[in-house]
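Each value in this text was obtained by applying a stated rule to the coordinates, not by laboratory testing. Just so you know, these numbers come straight off a predicted model, no measurement behind them. Virtual Cβ from ideal backbone geometry, glycine too; neighbours counted across all protein chains shown.
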Amino acid sequence: MNAIEYMQQELQTLKEHSNLRRLPQMTHDGRTVLADGRRMLNLSSNDYLGLAADRKLREEFLQTLTPDTFQPTSSSSRLLTGNFGVYEELETELATLFGTEAALVFNSGYHANTGILPAVSDAQTLILADKLVHASIIDGIRLSAARCIRYRHNDLAQLERLLEQHHAAYRQLIIVTESIFSMDGDQADLTTLVHLKKRYPNVLLYVDEAHAFGVRGTHGLGCAEESGCIRDIDFLVGTFGKAAASAGAYIACCRTIREYLVNRMRTFIFTTALPPTSIAWTLFIVRKLAGMQDRRKHLASISRMLREALQAKGYDCPSVSHIVPLVVGPSADTVLRAEMLQRHGFYALPVRPPTVPEGTSRIRFSLTADIEEREIEEIIQYIFI
Ligand SMILES: *Cc1c(COP(=O)(O)O)cnc(C)c1O
């Protein structure tokens, strides 16, 4: 069997297990998508505040653009000629909002998570990572020289034992977690994590707020703002690709970490910086986030509605956020349920292995602030047909 035949056979196996992925064909229109000739409410988007679907925001931003100010490329890494002023403007704004010494912007959350840990780790580093951290963090750990132990999901008692057992044997230990988890929509206990981290001087804390930035906290800065522990987190990371309706990612940190990353982080150094106009749009949105409290409240309210309806029907739903999974189990059944919802005009997608553990295939509702209560009621009705 040659290499291509081998790939064909592997793809056939995926297909037989209902785990074959394909790129969906669709067009977007505000909150809805058009696919297979149907218009459906998008329940799978990460546009958590509904800002990407908000035409007025785009109109307002476009007022600022002329052929001279529209800069579609930076043409270089920021260490060469790509460090346009708007980058530092955004970083200063972020540091001010977070109340940290510094901030640094990256091309994506994927770049951030695959670059930061390898940059700051060596063979004298132990990474203690939650079992359910995002694939990008796993890749960052793999690229690093550190040793890694994964602790059971949100099991901080186990984490405490691991810290006690290993803290003396390493130069540094880095605890790595998400704040809101991608697939279960549950949350890490940041207050306890900070408490554990502070017990030993050589323990650092890394928190990925991908799903919480914009959504949580009275200024939309994330779960760390909500828990009042922003400055106790050494690596406070988030993406602009979700609630902030843009592209790129940030770390809020101390000056030393920022400078270290600028010198050591390969996914920062060896890539063309995002287009300045994309950064200008991010800055435009970031400045508005504090004023989006109504959207955050509505999102929390419809999320609670859906979650409580699932729980009332006996589903074990761990979510405490706008990410609400309906765990079906077998992949084939999950696909059928998702298709049924789609026929009724709700674009919900199945999530299958290897994204989630075998036997826990699910429909993952990813709610946004522009969904109405009556639409949630309708969804609930169709789920339980
Ligand atoms: C989406 C996501 C990322 C990746 O961010 P991008 O900006 O899309 O590359 C990283 N971490 C988590 C937890 C995410 O959900």
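Couple of notes before you dig in:
- Around the Cα centre of the chain, unit charges on the Cβ atoms of Lys, Arg, Asp and Glu (plus for the first two, minus for the last two) sum to a dipole of about 320 debye.
- Considered as an equivalent ellipsoid built on the Cα gyration tensor, the stretch 309-369 has semi-axes of 16, 15, 12 Å, the largest given first.
- Backbone geometry of the stretch 113-127 corresponds, through the Karplus equation with coefficients 6.51, -1.76 and 1.60 at θ = phi - 60°, to 3J(HN,Hα) couplings of 6, 8, x, 5, 4, x, 5, 9, 9, 9, 5, 9, 10, 10, 9 Hz, x marking Gly and Pro.
- Binned Cα-Cα distances of the stretch 85-290, short to long, each 5 Å bin given as a whole percent: 1, 8, 17, 22, 22, 16, 9, 4, 1, 0
- Cα-projected label distance for HIS195 with MET1, points at 7 Å along beta-carbon direction, nm: 5.3 nm
- Gaussian network model of the chain, Cα within-10 Å springs - most flexible of LEU80, LEU117, LEU49: LEU80
- Alpha-carbon centroids, the stretch 158-209 and the stretch 345-364: separation in whole Å: 28 Å
- Springs between Cα atoms under 10 Å define the GNM used for the chain, and in it the highest mean-square fluctuation of GLU375, GLU164, GLU16 occurs at GLU16.
- CD proxy at 222 nm, helix term only [per DSSP H run n ≥ 4: -39500 (n - 2.57); per residue of the chain; nearest 500]: -12000 deg cm²/dmol
- Members of LYS131/LYS198; LYS56/LYS131; LYS56/LYS313 lying beyond 31 Å, as alpha-carbon distances in this model show: LYS56/LYS131; LYS56/LYS313
- Max mean-square fluctuation residue, GNM over the chain, Cα-Cα springs under 10 Å, options LEU236, LEU41, LEU11: LEU11
- Remark: the ILE269-LEU23 segment gains 85.5 nm on full extension, using 0.36 nm per residue and subtracting the alpha carbon distance.
- MET305, MET1 arranged by Cβ crowding within 10 Å, fewest neighbours leading: MET1, MET305
- By other beta-carbon atoms within 10 Å, ranking ASP370, ASP208 with the fewest at the front produces ASP370, ASP208.
- Cα gyration tensor shape for the stretch 247-291, rounded if a/c is under 1.5, else prolate or oblate: oblate
- Contour excess over end-to-end distance, with Cα ends at GLN293 and VAL262 and 0.36 nm allotted per residue: 7.8 nm
- Cross-link reach list, lysines versus LYS297, counting only Cα pairs under 20 Å and skipping chain neighbours closer than eight places: LYS242, LYS288
- At the listed q of 0.16, 0.18, 0.20, 0.22 Å⁻¹, the Debye profile of the stretch 193-296, built from one uniform point per Cα, gives log10 I(q)/I(0) equal to -0.79, -0.96, -1.12, -1.24.
- Computed Rg/Rh of the chain, alpha carbon atoms with Kirkwood Rh: 0.97
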